[in-house]
Amino acid sequence: MHLVSANGGPEKLAAPSVLESRHGSVRPLAASDLEGVAALFLTKFRRRRRRRLFERAIAETADYMREIYLDPASQTGVSSALVQINRQGRLGGFLGVLKARYELKGAALNAAIIGPLMADPGTDDGTAGPQLLRALHQGEFDLQLTDSANRTSLAFARPMKYQLLPVHCLGWTYVFRPAAMAAATLHRKWPGLLRLALDPCSRALDSLAKRRFEPPVQASPSQRVYCKPIDAAQFAERLPTLLSDYSLRPSWKNGELPRLLALAAEKRADGPLHFGGSYDETGKMLGCYAFYGQAGDIASLLQIQASGSHWRATLDGLIAAAWEMGCVGITGQTQSRFMPQLFGYKNLFFRYAGGTMVRSRIAEVTEAVRSGDIFIGGVMGDRWTRLSSDDFGR
C-alpha cells in the first residue's frame with residue numbers, strides 16, 4: 001500500500017535537530033535538561049512542598065524521565081522529546097514524546113505519543129507550546145496522538161488540524177461503595193488526611209446505601225463465558241490478536257509490549273497492576289483487561305479489549321475482579337466499541353477526562369481516524385506513565 005499525504009505527495013519527513021525562530025529554538029531533550037524539565041513539571045502539575053522534599057522529587061522525576069524518554073530499548077539516536085530554549089538561553093518549555101509504531105493495511109507508520117506539554121510561566125509569551133508542536137509536526141512521524149490533552153492544549157492544538165475523538169475524551173466511573181469512594185478521593189487529594197477518621201463513617205453510610213449499590217456486577221448473558229486472572233505475558237501475547245479488526249492499529253516488535261507493561265507496572269498511585277481474561281468453554285480467550293487496584297481504593301482501568309460480541313462478558317469480568325479485590329469503585333477511559341455495553345450498568349457515570357486527538361498529513365490515516373477505525377488510548381497513550389498520576393518524592 002502507498003500512503004500519501006493530504007496534498008497528494010509521498011509522506012517523507014526528516015527529523016529536525018534544532019529549529020530556530022525569533023521566539024527561541026527547539027531541540028531534542030538531552031540528559032543535561034532533565035533536572036530543569038523535572039522542576040518545571042513539578043511546578044506545573046504537582047502540589048507544592050517543602051524545599052527538601054521538592055529537591056528529592058526533582059531527582060526522582062528526572063530519573064524517571066530519563067528512563068522513558070532517553071533510555072527505552074526502542075530509542076535510537078536522539079530523544080523524541082523536545083525542549084524549547086527561549087531567547088535568553090533558558091528552558092522555556094517541554095514536550096514529552098514517546099515513540100510507537102502503527103500499521104495501516106500492512107503499511108508501517110511511525111507514531112508520536114504526546115505526553116506533558118508545558119511552558120515556564122515566568123518566561124513564556126504564549127509561543128512555547130505552539131513552537132514545540134510545530135517542531136514535532138516537522139519531524140519523522142507519520143501521525144501524532146495524545147489521549148490526555150488538557151483544555152489549554154486543546155485550544156491551540158485543534159487549529160493545527162488535530163482530529164478530536166469525542167467518545168475517547170470521556171471517562172466512566174462505576175461506584176461500588178459511594179461513601180468509601182468519596183473517602184478514597186479525599187485521601188488522594190489530601191494524603192495527610194487520616195483514613196481512620198473517614199473509614200468508620202463511610203462504612204456506616206455505605207451500609208445504608210447497600211440496597212442501591214449492591215451487587216455491583218450483573219450476570220453475563222452468556223453462561224458459557226468465564227473470566228480468570230492472567231499474567232502480563234499472557235496479556236501481551238493475546239492483546240495484538242484482539243486488535244485485528246482495526247485498520248489503524250499498533251505494531252509491537254521484539255518484546256516491545258512486554259517492556260511497556262513492565263514500565264506501566266511501575267506506576268504507584270492506583271495500586272498494583274492486575275490482568276484478566278475472558279474465555280469460552282473451549283478455553284479460547286475472548287477478551288482481556290488490565291487494571292490498577294487495591295482493597296479500599298478506586299481501581300483504574302489501563303486497557304480492555306474484546307472480540308466480536310464479547311465486550312459485555314469481558315467488562316463483567318473486569319468489574320467482578322475489582323469488586324472481589326475490595327475496591328470501592330472503578331474508573332476508566334471510554335471507547336466507542338464498548339460504550340453501548342456501559343449503558344447497561346447502573347451506578348455508572350460519565351465525565352470529561354482529557355482530550356484524545358490525532359494528527360496526520362496522510363489521507364488514509366485521517367480517514368481511518370474520522371471513521372473511528374483506530375486503536376488508541378490505554379497502552380497507546382501516556383496515562384500508563386508515572387507522570388500521569390504519581391506524586392514524586394513522597
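The values are calculated or read from the model by the stated rules, or taken from the named source; none is laboratory data. Because the structure is a prediction, the values reported are computed rather than measured. Backbone-built Cβ (ideal geometry, glycine too); neighbour counts: all protein chains shown. Only protein heavy atoms, including side chains, enter the accessible area calculation; ligands, DNA and RNA are left aside. Shrake-Rupley method; radii C 1.70, N 1.55, O 1.52, S 1.80 Å.
Observations
- Listed residues GLY129, ILE85, THR152: farthest to the positive end of the dipole of region 81-180 (Cβ charges): THR152
- Area of CYS227 that stays accessible when all protein chains are in place (1.4 Å probe, Å², to 10): 50 Å²
- Charged neighbours of ASP390, selected by a Cβ distance under 10 Å, balance to +1 (K, R count +1; D, E count -1).
- Global form of region 240-373, assessed from the alpha-carbon gyration tensor, a/c cut-off 1.5: rounded
- With protein chains left intact and a 1.4 Å probe, residues in region 351-394 average 31 Å² of accessible area per residue.
- Accessible surface of region 104-189, 1.4 Å probe, proportion on carbon and sulfur as whole %: 56 percent
- Near-label residues of region 366-381 by backbone N, under 13 Å of a point 7 Å along Cα→Cβ of SER251: none
- FRET E, pair PHE349, ALA262, Förster distance 22 Å, beta-carbon r, rounded to 0.05: 0.10
- With K and R counted +1 and D and E -1, the other residues having a Cβ less than 13 Å from that of GLY293 yield a net charge of -1.
- Exposure of LYS253 as accessible area (Å², to 10), given a probe of 1.4 Å and all protein chains: 100 Å²
- Per-residue SASA entry for PHE54, accessible area with 1.4 Å probe, Å² rounded to 10: 50 Å²
- If you sort ARG370, ARG27 by accessible surface, 1.4 Å probe, largest first, the order is ARG370, ARG27.
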